[in-house]
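The values are calculated or read from the model by the stated rules, or taken from the named source; none is laboratory data. Being a predicted model, the structure only gives us computed values, none of them experimental. Note: ideal-geometry Cβ built from the backbone for every residue, glycine included; neighbour counts use all protein chains shown. Keep in mind that these areas ignore ligands, DNA and RNA; they rest on the heavy atoms of the full protein, side chains included. Shrake-Rupley method; radii C 1.70, N 1.55, O 1.52, S 1.80 Å.
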Amino acid sequence: MITRKSKREIEQMQAAGDVLVACHKALAEMIKPGVTTMEIDEFVEKFLAERGATPEQKGYNGYPYAICASINDEICHGFPRDEKLKDGDIVTIDMVVNLNGGLADSAWTYAVGEVDGVGKRLMEVTKTALYKGIEQAQVGNRIGDIGHAIQTYAEGEGFSVVRDFTGHGIGPTIHEDPHIPHFGLPNKGLRLKEGMVITIEPMINEGSWESQMDANNWTARTIDKGRSAQYEHTIVITKDGPLLTTDQDKK
């Protein structure tokens, strides 16, 4: 079932988004060679607790951590670990924040030290693809318009779009209808309506778009060991255009 959120619910989700944004900005200062993703996980849990918030995915379907930390060829749902990040790695930190029942979901890919040119371009293209998808998150548009904008741009830049994982509705739980694929045809799929809250979270790969699952049954990685990047925002569909509750650039 697809729910349309009230003004009060959107305000709660925005408050959660403000905490999430502050956390990601703190991580941008923290992530460097020698840091472990387990240290990042512990930092996030403490950061949220100090602000009266909780990591919503911890315990979700048995997931054991506050964040997902996906390094290099890991597409999504990477487990935090004690292995130190190395110069040249890219790492995606994905988290869902619950503040007084309001949810916010955002992933961000970080360069660890100095990343090579292809890695930098992968990150830039993935981030741009996210915003091209967001541009289509308008009342009256269809879900296919979002995926088509992302796929056309990313593939035109020589990268591939993961098919096996999608964006989604959010609130009151992490994953709600509808699914938001990052590929597809324009003017196809469900029509977007005012008050819907969705995530757009393209996962873009250097090589093949295909994924394989690790033995932990959570972590997905590329089949060819090519790197993968992901950027994600939580978006409210409004009559005035898309509203990002997880916007790191707002004043």
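The strands (runs of 3 or more DSSP E) found entirely in region 1-103 that carry 3 or more residues being among the aliphatic types (A, V, I, L, M) and under 16 Å from the mean Cα position of the chain (by Cα) are 90-99.
Here THR234 passes the criteria (1) open to solvent by less than 40 Å² (accessible area, probe 1.4 Å); (2) assigned to a loop (DSSP other than H, G, I, E, B); (3) closer than 19 Å to GLY17 by Cβ; (4) not acidic (Asp, Glu) except the one numbered (2). Going through region 106-127 one residue at a time, which ones are in contact (Cβ under 8 Å) with a residue 40 or more places away in the chain, open to solvent by 50 Å² or more (accessible area, probe 1.4 Å) and under 30 Å from PRO55 (Cβ atoms)? Of everything in region 106-127, just one residue is in contact (Cβ under 8 Å) with a residue 40 or more places away in the chain, open to solvent by 50 Å² or more (accessible area, probe 1.4 Å) and under 30 Å from PRO55 (Cβ atoms), namely LYS127.
With respect to the stated conditions, GLY158 fails to be part of a loop (DSSP other than H, G, I, E, B) and open to solvent by less than 50 Å² (accessible area, probe 1.4 Å).
Taking every residue in region 236-251 that is in contact (Cβ under 8 Å) with a residue 40 or more places away in the chain and pairing it with any residue that is surrounded by fewer than 16 Cβ atoms within 10 Å (Cβ to Cβ), at least 6 positions away or on another chain, the pairs with Cβ-Cβ distances below 7 Å are ILE237/LYS193; ILE237/GLU194; THR238/GLU194; LYS239/GLU194; GLN248/LYS25. Could you look through region 24-38, keep only residues that are under 16 Å from ASP82 (Cα atoms), of a type outside the set (Lys, Arg) and out of contact with any Lys or Arg (no Cβ under 9 Å at 6 or more places or on another chain), and pick out the one that is surrounded by the fewest Cβ atoms within 10 Å (Cβ to Cβ)? Only one residue tops the list, namely MET30. Could you grab the pairs with beta carbons closer than 7 Å, sequence gap of 6+ or different chains, first residue in region 128-142 and farther than 16 Å from THR234 by Cβ, second one basic (Lys, Arg)? From residues that are farther than 16 Å from THR234 by Cβ, the pairs are VAL139/LYS193; VAL139/LYS239; GLY140/ARG191; ARG142/LYS188; ARG142/ARG191. VAL139 fulfils the conditions (1) in contact with an Asp or Glu (Cβ under 6 Å, 6 or more places away or on another chain); (2) closer than 29 Å to MET38 by Cβ; (3) assigned to a loop (DSSP other than H, G, I, E, B) except for a single criterion, (2). Of the set (1) touching a Gly at 6+ places or on another chain (Cβ under 8 Å); (2) open to solvent by 50 Å² or more (accessible area, probe 1.4 Å), all apply to GLN136 but (1). Conditions first: (1) of a type in the set (Ser, Thr, Tyr); (2) under 30 Å from ASP224 (Cα atoms); (3) open to solvent by 50 Å² or more (accessible area, probe 1.4 Å). THR54 passes all but one, so which condition is the exception? So THR54 meets the others, but not (2). Can you tell me which residue is most open to solvent (accessible area, probe 1.4 Å) among those in region 167-223 that are out of contact with any helix residue (DSSP H, G or I) (no Cβ under 7 Å at 6 or more places or on another chain) and among the small types (Gly, Ala, Ser)? Selected residue: ALA215. Just to be sure before I move on: is THR109 farther than 24 Å from GLU9 by Cβ, in contact with a helix residue (DSSP H, G or I) (Cβ under 8 Å, 6 or more places away or on another chain), assigned to a strand (DSSP E or B) and modelled with pLDDT of 95 or more in the structure I sent? When the stated conditions are applied, THR109 passes them.
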